[in-house]
1. Take the range B:219-253 and flag every residue that is within 23 Å of B:C151 (Cβ to Cβ), part of a strand (DSSP E or B) and more than 14 Å from chain A (Cβ to nearest Cβ).
2. Could you grab the pairs with beta carbons closer than 9 Å, sequence gap of 6+ or different chains, first residue in the range A:62-73 and surrounded by fewer than 17 Cβ atoms within 10 Å (Cβ to Cβ), second one part of a loop (DSSP other than H, G, I, E, B)?
3. Any chance you could count how many residues in the range B:254-269 are part of a loop (DSSP other than H, G, I, E, B) and crowded, with 17+ Cβ neighbours inside 10 Å?
4. Hey, any hits in the range B:270-281 for a residue that's within 18 Å of the chain's Cα centre (by Cα), within 30 Å of B:L319 (Cα to Cα), touching a residue at least 40 places away in the same chain (Cβ under 8 Å) and outside any loop (DSSP other than H, G, I, E, B)?
5. Could you list, ordered by first residue, the pairs with Cβ atoms under 6 Å in which the first is in the range A:98-118 and within 14 Å of A:A158 (Cβ to Cβ) and the second is surrounded by 24 or more Cβ atoms within 10 Å (Cβ to Cβ) and of a type in the set (G, A, S), at least 6 apart or interchain?
6. Scan B:A149, B:A157 and give me the residue that is buried (at least 19 other Cβ atoms within 10 Å of the Cβ) and touching a residue at least 12 places away in the same chain (Cβ under 8 Å).
7. Going by the conditions given, is B:E249 among the acidic types (D, E), buried (at least 22 other Cβ atoms within 10 Å of the Cβ) and under 26 Å from B:L177 (Cα atoms)?
8. Select, from A:E46, A:E7, A:E38, A:E52, the only residue that is modelled with pLDDT under 95 and either surrounded by fewer than 21 Cβ atoms within 10 Å (Cβ to Cβ) or not hydroxyl-bearing (S, T, Y) (or both).
Amino acid sequence: MAFLNDEIKKQLEEIFEPMKNEVTVALFATKELCETCEDTKTFMTEMAEVSEKISLDVYDMNEDATLAEEFGVKRVPTIVLLGENRKDFGIQFNGIPGGHEINSFISSVLEVSGAGEELPEVFAERIAKVDKPVDIKVFVTLGCPHCPGAVAKAHKLALENPNIRAQMIEAQTFSELSDQYQVSGVPKIVINDSEELVGNQPLEMFLDAIERL
Amino acid sequence: MELHLQTKPKAPSVSDQEVYDLLIVGGGPAGLNAALYAKRKGLKVAILAEKVGGQVLDTSSVENYLGLPSETGEGLMKKFQAHVAELKVPIKGHVLVNQIEDGTLKRVHTNTGQIFQSKTVILATGSKPRKLDVPGEKEFAGKGVAYCAICDGPLFAGMDVMVAGGGNSAVEAAIDLSKIANHVSLVHRSQFRADQILVDQLIAKENVSIHLNTQIQSVEGQGLVSHVNALDKETGEKVKIEGNGLFVEIGYLPNSDAFANLVKRNERGEIEVTAKCQTNIAGIFAAGDVTDMPYKQIVISAGEGAKAALAANDYINTL
């Protein structure tokens, strides 16, 4: 099944135009026991065809277990966005970034490629000061219009500071994990399993929470 | 799988080095229509918005906008944005205005630490969902208490849910949820305010029960919501309505706190405006859901935005 029609492809070509560096979409999947792996692979194949600067590498969670561990990939399907020279920024999508999440996928691809938005100084300084490991989970549903904003902000934080990692988690695909984190409202942002935010919070709320850790 | 690609029409950037004729704060129907009218009048105009598209984006379907009998909230906003983009109005998104200084030039401060300058300002910051304000609501926010049915509905697939409210938003949410949930209980403290056409659709659903004249008094549960305690106002009896989700759709509160010290607001926090969308401060106008204009509707906000822009233009001509 194709996900991208000609109209969307044309729009995407324009959107990806400003990309500077190459971005590798590293997709971890399994051949069995994964409902959305095949769709995610098709979707990502089509996205990679839209821009020369996007390439797709598909890995098998079991056969490439060492690499999965290196990137901290724990479940399938998971997408890791790698920058120039396959640099890992700790930016992941757990579950297919479809529905509204295509927007966070686009925004993070642009960011990783070096064509992102410049951060206002007030935030850049605070982000640079984060000196302990920070793990941000953003639970989303694909029908949620304000979830991509939260994912994009978490990914931006990860991009700007190597101590920060951030992952989108599609709540329905990973329902057990969602239950474990008691997700019944999205976007739900969990930081280091101790700080929680609900809603597409402004960047200063993310930073306040990180500074409380 | 449906893709909701947000095409950001190319817009010039907003400069903090220039002086604008009009700065519009807010990117919903009022703000966008104000931009359209102002630009056509020849004003040097720009938009500062937290979320271009506004609350309409959270609406699954819009069926009461004249000329567009069946639109999604997202589809409608794309049309609005595309129209404004044709006129190349500068837009700065993802930005919150946290203070405005009055003066011959208004100085608009943002959370990004910038200050923008303009002869006039239109406040079109819209509103946010109103809360029930009962015990348990805050405690269970994000643990069963929800304010966006299209976002959080899928998390309650096959479960029993409740919807609080009796207006169009509540009835639409209940109809949407009835397709996902096992059972939907709509609870409202008085009679339906929703359009009859929607109420009829809701009543036709087999897995929906309706509790009118019923006031929710508390949200209960352990860790997650399990039920609400309510008062049946006709019989005076206490009732327990069960469900793991409570979708609160009881109207809206204006996003006006940042302007509390700037303009006069009514007891509901709405900015008071004249028929020409003027606030009590010369050169500062307001339009849409953030104002005390009655009936919060997309078409009305859009119209008010147009009025505010024309009034700002008149004002500039007197300077």
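The values are calculated or read from the model by the stated rules, or taken from the named source; none is laboratory data. It should be emphasised that the depicted structure is a prediction, and the values quoted were computed from it without experimental measurement. Virtual Cβ from ideal backbone geometry, glycine too; neighbours counted across all protein chains shown.
1. Of the residues in the range B:219-253, the ones within 23 Å of B:C151 (Cβ to Cβ) are B:219, B:221, B:223-228, B:241-253.
Now drop any that are not part of a strand (DSSP E or B), which leaves B:219, B:221, B:224-228, B:241-242, B:245-248, B:252-253.
Matches in the range B:219-253: B:H227, B:V228, B:I241, B:E242, B:Y252, B:L253.
2. Listed pairs, sorted by first residue: A:N62/A:T30; A:N62/A:K31; A:L67/A:V73.
3. Initially, the range B:254-269 is screened for residues part of a loop (DSSP other than H, G, I, E, B), giving B:255-256, B:260-264, B:266-269.
From what is left, the residues that are crowded, with 17+ Cβ neighbours inside 10 Å are B:255-256, B:262-263.
Residues flagged as part of a loop (DSSP other than H, G, I, E, B) and crowded, with 17+ Cβ neighbours inside 10 Å within the range B:254-269 amount to 4.
4. Within the range B:270-281, one or more residues are within 18 Å of the chain's Cα centre (by Cα), within 30 Å of B:L319 (Cα to Cα), touching a residue at least 40 places away in the same chain (Cβ under 8 Å) and outside any loop (DSSP other than H, G, I, E, B).
5. What qualifies is A:S104/A:A152; A:S107/A:A152.
6. Numbers: B:A157 fails: buried (at least 19 other Cβ atoms within 10 Å of the Cβ).
The match here is B:A149.
7. Details: among the acidic types (D, E): yes; buried (at least 22 other Cβ atoms within 10 Å of the Cβ): yes; under 26 Å from B:L177 (Cα atoms): yes.
The answer is yes for B:E249.
8. Working: A:E46 fails: modelled with pLDDT under 95; A:E38 fails: modelled with pLDDT under 95; A:E52 fails: modelled with pLDDT under 95.
None of the other options fit; the residue is A:E7.
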